[in-house]
Structures are given as C-alpha cells and as structure tokens.
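Comments concern the structure below.
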Amino acid sequence: MSDKLYFGVDVSKHWLDIAYYDGIDVDWKHGHIRVDNDERGFAQLGRWLDRLCVGKGTCIFCMEYTGLYSQEFRQWLERMKIVYGMVSPRKMHRFEPDLGENERALDRIKTDEMDSFRIAIYCKEHSMKIRRKPSHLPSDAYFKLKRLLAERRQYVKQSALYKQQLHDIGKYDTEASRHRKEAELASLTEKTLQTSKEMETIIREDADIRRSYDLLLSIKGIGLVVAAETVVLTENFTSITNPRRYACYIGIAPGRKESGVSIQGSDHVGRKGFTQAKADLSMAALHAIHYDKGIRAYWLRRKTEGKHSGVVLNAVKFKIVLRMFAVIRRQKPYVEMEEYGKK
C-alpha cells in the first residue's frame with residue numbers, strides 16, 4: 001500500500017462514509033468504512049488509520065460542504081493536524097472519475113459509499129491544490145452569525161405574509177382576527193430587531209469579522225444583512241477570494257450556451273446560485289442607484305442606451321461585488337472618487 005492515501009468523506013447527519021484511494025487502484029472491498037458522526041466515531045476512524053499504517057501528516061481528506069453536519073468532524077481533523085479540503089457539492093456532482101473498463105461505473109451508482117470513493121479520487125487529482133491551500137474551520141462567531149441570519153430571514157418572511165393578509169383581505173376579517181394578526185406582526189417585527197442586534201453584538205466580539213463588516217458598510221447600499229451574508233458565504237473572504245467566483249456562486253454572472261450552430265440566445269443570468277443572496281443584493285443595488293452618484297450616473301447612461309432594466313441592475317450588483325472584494329483586499333474603506341477629488 002502507498003504511504004500516501006487520499007480520503008473522501010461523505011457527510012450525513014448521523015454518520016460518515018469514508019473511503020481511501022492510493023492513486024493507482026481502488027480497493028472496493030476494504031477501502032471503505034462507516035463511522036458515527038460523533039467523537040466515538042472519530043476515535044474509530046483514528047484506529048482505522050493506524051491499521052492502514054498511514055501517518056496523519058501524510059494523508060489528505062476531502063469532503064463536500066454540508067453546513068453544521070461537518071463542523072465537529074472538521075474540528076477533529078484540525079486537532080489531529082490532518083490536512084483537508086472542502087469542495088462545492090455542485091462541482092463534485094460534475095466530477096467524473098477516469099477509471100478502467102473493469103472498474104465500477106460511479107456515474108450510474110448513487111450511494112453514500114460510492115460517493116465517498118468518488119470524493120477520494122477527486123482528492124487525489126486535486127491534492128496539490130488542497131495542500132497548497134487547505135481548508136480551515138472558521139471561528140465560532142461565523143456559525144452563530146449563520147444561524148442568526150437564517151432565523152432573521154424566517155421572521156422577515158412571516159412578517160411579509162401577515163402584511164400581505166392585512167393589506168389584501170384585512171377588510172374581510174373579523175376585528176378579533178385583525179387584532180391577532182397585528183399583534184403577531186408586531187411580535188415578529190420585534191424579534192427581527194432583536195436578532196439584528198444580536199448579530200451586531202456577535203460581529204463586534206470577533207475582531208476579524210468586525211474589520212470586514214466595517215469595511216463593507218463603507219460601501220453605499222450595503223447594510224447589516226448583505227454584509228453579514230457575504231462574510232458568511234465567503235467564510236470571511238477566505239474560502240472565496242475572487243469577486244467573479246463569488247458572482248458565479250450567487251448567480252449574477254451571465255453565462256452563454258452554444259453548441260455548433262445552436263446558440264440559445266444571448267448571454268444571460270441563469271437560475272442557479274444562492275438566490276437569497278442575489279435577492280438581498282438586488283435591494284442593495286436599488287439603494288445604491290438612489291444614493292450613490294457614480295452608480296446613478298451609470299444607471300441613467302445605460303438606460304439611455306436602451307439597455308433592459310434587469311440587465312443594468314445585474315451590472316450594478318456586480319459593481320457592488322467588485323467594491324466589496326476591493327475594500328477587503330486593500331483593507332481600506334471605500335471612498336467615492338468625486339468626493340476624494342474635492343478634498
């Protein structure tokens with residue numbers, strides 16, 4: 001067996017499916033193990049690694065982003081000083097291992113075990129990149145902020161439903177029913193404010209997140225939600241460092257589809273991506289159009305040229321993304337050039 005092994009981990013809520021690949025052959029019979037997704041299971045995994053006679057400093061692990069389900073396992077890997085890399089599920093689903101004719105067809109078999117082998121082969125092919133830039137678990141503030149964002153989003157959605165009912169069909173409700181809805185709306189509004197305050201408190205308690213947050217707020221149109229959401233989605237600009245990659249991730253980068261003489265229209269924005277971040281950024285773009293002189297001038301010029309409002313709005317969103325990554329890279333607040341020239 002090779003002294004270097006590449007491990008793929010398929011993470012679920014209750015257990016981990018782990019498989020290894022030595023870079024030459026796939027050991028379908030003995031190369032897989034399933035352990036519980038807790039400390040007892042991690043200890044079992046450690047004993048399995050010892051039996052394989054592979055040093056924890058030479059092996060590499062790889063897994064998909066699965067949110068909180070992988071948090072404890074990532075903590076264990078970092079305690080053991082094991083190098084690991086996180087990969088987007090969308091990228092993994094498109095990965096097709098180049099195996100021999102007598103090997104199993106991973107593209108036709110969908111099980112947790114087969115997925116772990118697929119990830120292990122991906123780990124081997126991208127091992128140099130993972131070693132050069134391994135993944136690291138963000139601070140606890142990151143996970144708290146992520147959960148609070150989800151909680152706040154739930155309150156906002158519920159508030160919108162009650163507002164719609166009070167506006168559209170409120171006149172048909174009984175007085176008691178209307179009072180109940182108004183009381184529930186007031187309660188949801190208060191909970192939204194409390195969640196926002198707690199988010200700001202957590203942001204202020206973490207120096208790195210606080211620095212990024214303050215830099216993002218220097219951009220007109222960026223508020224609490226967009227700033228916190230960007231910090232969470234990029235793991236405070238460590239997992240995603242390129243603005244164009246982030247634009248693709250949230251679905252504001254235009255794409256093209258053509259094959260031979262078949263061209264499916266002009267470049268357009270697809271429906272894939274983190275749609276909630278795209279919607280929140282739309283609100284930031286509308287705010288910037290009203291209050292940012294440069295953005296407003298750009299909006300009016302492009303509209304005069306006959307561009308569709310949606311196309312121009314998407315371009316404004318991309319400008320805001322470029323500004324967000326620029327202030328983080330320079331570690332300086334955003335300054336409008338017109339205002340800077342007057343000083």
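The values are calculated or read from the model by the stated rules, or taken from the named source; none is laboratory data. Remember, predicted model here, so these are calculated numbers, not experimental data. Cβ placement follows ideal geometry from the backbone for every residue including glycine, while neighbour counts extend to all protein chains displayed. Quick note on the areas: whole protein, heavy atoms, side chains included, nothing else; ligands and nucleic acids left out. Shrake-Rupley method; radii C 1.70, N 1.55, O 1.52, S 1.80 Å.
The slack in the chain from residue 282 to residue 110, taken as 0.36 nm per residue of separation less the alpha-carbon distance, amounts to 58.2 nm. Residues of segment 179-203 with an amide N closer than 18 Å to a point placed 7 Å from the Cα of residue 166 along the Cα-to-Cβ direction: 179-194. Highest mean packing comes first when the peptides 86-92, 119-125, 310-316 are listed by Cβ atoms within 10 Å, giving 119-125, 310-316, 86-92. When peptides 208-216, 239-247 are ranked by their average number of other Cβ atoms within 10 Å per residue, the highest-first order is 208-216, 239-247.
Using the Kirkwood radius built from alpha carbon pairs, what does the Stokes-Einstein equation give as D for the chain at 10 °C and 1.306 mPa s, in µm² per second? My calculation gives 68 µm²/s for D. Annotation: lysines with alpha-carbon distance below 18 angstrom to residue 91 (same-chain offsets under eight excluded): 110, 124, 129, 133, 272. How many angstrom lie between the Cα centre of segment 199-238 and the Cα centre of segment 138-161? Distance between centres, Cα-based: 14 Å. For residue 191, the lysines whose Cα comes closer than 21 Å to its Cα, not counting residues fewer than 8 places off in the same chain, are 144, 146, 157, 163, 181. Using alpha carbons only, how many degrees (0 to 90, rounded to 10) separate the axis of helix 293-304 from the longest principal axis of the chain? The answer is roughly 90 degrees. Using a probe radius of 1.4 angstrom, the carbon and sulfur fraction of the accessible surface of the chain is 51%.
Taking a straight line from the alpha carbon of residue 332, these lysines sit under 16 Å away, with near neighbours fewer than eight places off in the same chain left out: 220.
Please flag any cysteine in the chain that has no other cysteine's Cβ under 4.7 angstrom from its own Cβ. Unpaired cysteines in the chain: 53, 59, 248. Quick check for you: which residues of segment 156-171 have the amide N under 19 Å from the point 7 Å beyond the Cα of residue 182 toward its beta carbon? The answer is 159-171. Grab the other residues whose beta carbon is less than 12 angstrom from that of residue 69, score K and R as +1, D and E as -1, and report the net. Local charge sum for residue 69: -2.
The residue 153 and residue 76 beta-carbon pair, evaluated with R₀ = 25 Å, returns a calculated FRET efficiency of approximately 0.25.
Remark: segment 125-261 carries 60 Å² of accessible area per residue (probe radius 1.4 Å; ligands, DNA and RNA excluded).
Packing order of peptides 172-180, 26-34, highest average first: 26-34, 172-180 (average count of other Cβ atoms within 10 Å over each peptide's residues).
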